[in-house]
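Engineer: Quick one: structure below, then a few questions.
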């Protein structure tokens, strides 16, 4: 006989094997039952937690909203202050520009006078020179 | 549970080569079958003939009925109210260490878990030793179960619980997993013995 066993021994072995496998299947059934019950229990717990999480989430959202509102209010105040600063800066800039224009206008207004004075001076010198030259020429001629 | 065995002669069941005898559990009729192999291996039947089986049964009636009673008490009855006594019948040895009583409700926890374990071990597990131990040292305080298989020498140990923190479903799953380990090892050994 194969494996040194007669048919009776082989059948007994197979019977034992079948019995053990059958018992294993029974245990697996029990394990699946256990897992099922645990899953059901966990699902119930999770369901409760879902509701709690929703409430907490809403509360957090409310807190967030309140904080956001406070921040917005603070930002609004800051913006008003910044706008005032910008306005005063604009006024200062306009004043500076006006002063600059006035200074430029004064500078340009002074220029022609000087030129006129210089031309007038030159003409005077030329007149004096011509006068002196003419006098000298006439004196030599006499 | 009130179990009794009516004093009538057993019935020979040709298809199964076994003897059938009735039992009453709290008034509910149960049919018990003892196989020719068991009568031959455990109760002195010289061969598998009806005569020899009846003689073995008659001379060991009390032992056979005690075995059937154990099966009924453990709930090892199939859905057709039948109990089968075979050569693979479960020989369960359960011991509780003294330390188990030092854990609050320790004995209740252990006996309740043992009831479940007995249910999943079933009637055809052969020899199984179960020992309930307790540890009072933190952080491992609690009830532990040790299952050993004298045939394969496999040993499994698992934590069952502590005080009121026990989850019945979790324990059931955990005990089933431990027993599954024992059966897995048996399968492995039996597969090694095949052809």
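Engineer: With all distinct Cα pairs included, what does the Kirkwood hydrodynamic radius of segment B:3-85 come out to in Å, to one decimal, could you say? Write down the numbers at each step before the final one.
Structural biologist: Details: mean 1/r = 0.0794 Å⁻¹.
It works out to 12.6 Å.
Engineer: Something else now. For residue A:29 and residue B:191, what does the FRET efficiency come to when R0 = 25 Å and r is the distance between their Cβ atoms, rounded to the nearest 0.05? Walk me through the numbers before you get to the answer.
Structural biologist: Working: r = 22 Å, r/R0 = 0.87.
Between residue A:29 and residue B:191 the formula returns 0.70.
Engineer: Rounded to the nearest 500, what is the 222 nm mean residue ellipticity of chain B from helices alone, with -39500 (n - 2.57) per DSSP H run of 4+ residues and division by all residues?
Structural biologist: Working: 5 runs with 72 residues, N = 195.
One gets -12000 deg cm²/dmol as the mean residue ellipticity at 222 nm.
Engineer: Decide, for segment A:59-102, between rounded, prolate and oblate: order the square roots of the alpha carbon gyration tensor eigenvalues as a ≥ b ≥ c, take rounded if a/c falls under 1.5, and otherwise choose prolate if a/b is larger than b/c, else oblate.
Structural biologist: On the way: a/c = 11.71, a/b = 8.13, b/c = 1.44.
It comes out prolate by the Cα gyration axes.
Engineer: Now, a different point. Measuring from centroid to centroid over Cα atoms, what is the spacing of segment B:21-64 and segment A:76-92 in Å?
Structural biologist: 108 Å
Engineer: Shifting gears a bit: Where does helix B:50-59 land angle-wise versus the long Cα axis of chain B, in degrees 0 to 90, nearest 10?
Structural biologist: The helix B:50-59 is inclined about 60 degrees to chain B.
Engineer: Can I ask one more? Assuming 0.36 nm per residue, please report the length gained on full extension of the stretch residue A:93 to residue A:55 beyond their Cα-Cα distance. Mind dumping the intermediate values first?
Structural biologist: Values: separation 38, 0.36 × 38 = 13.68 nm, distance 5.55 nm.
Extra length from residue A:93 to residue A:55 when fully extended: 8.1 nm.
Engineer: Sticking with this one: If one takes the longest principal axis of the Cα atoms in chain A, at what angle in degrees, from 0 to 90 and to the nearest 10, does the Cα axis of helix A:7-141 lie?
Structural biologist: Approximately 0 degrees, to the nearest ten.
Engineer: Next question. What's the Cα-based Rg to Rh of segment B:81-195, Rh via Kirkwood? Working shown, then result.
Structural biologist: Values: Rg = 15.2 Å, Rh = 15.0 Å.
Using Cα coordinates only, the ratio equals 1.01.
Engineer: Does chain A classify as rounded, prolate or oblate by the C-alpha gyration tensor (a ≥ b ≥ c root eigenvalues; a/c under 1.5 gives rounded; else a/b over b/c gives prolate, otherwise oblate)?
Structural biologist: Values: a/c = 28.25, a/b = 3.82, b/c = 7.39.
Oblate.
Engineer: Expected output is a single nm value to one decimal: the length gained when fully extending between residue A:68 and residue A:81, i.e. 0.36 nm times separation in residues minus the C-alpha distance. What is it?
Structural biologist: Values: separation 13, 0.36 × 13 = 4.68 nm, distance 1.99 nm.
This chain segment gains 2.7 nm when fully extended.
Engineer: Sticking with this one: Write down the Kirkwood hydrodynamic radius of the protein assembly as shown, to one decimal in angstroms, obtained as one divided by the mean of 1/r over all alpha carbon pairs. All intermediate terms of the calculation are to be shown ahead of the outcome.
Structural biologist: Working: mean 1/r = 0.0342 Å⁻¹.
Result for the protein assembly as shown stands at 29.3 Å.
Engineer: Here's a follow-up. Once you put a point 7 Å from the Cα of residue A:44 and another 7 Å from the Cα of residue B:99, both along the Cβ direction, what distance in nm separates them?
Structural biologist: It works out to 3.4 nm between the two label points.
Engineer: Compute the angle between helix B:106-121 and the longest alpha-carbon principal axis of chain B, please, reported from 0 to 90 degrees and rounded to the nearest 10.
Structural biologist: Orientation of helix B:106-121: about 40 degrees from the principal axis.
Where a number appears in this text, it was derived from the coordinates with a stated rule and is not lab data. If you're wondering where the values come from, they're calculated on a predicted model, not measured in any experiment. All Cβ positions, even for glycine, are placed from backbone atoms using ideal geometry, and neighbour counts span all protein chains on display.
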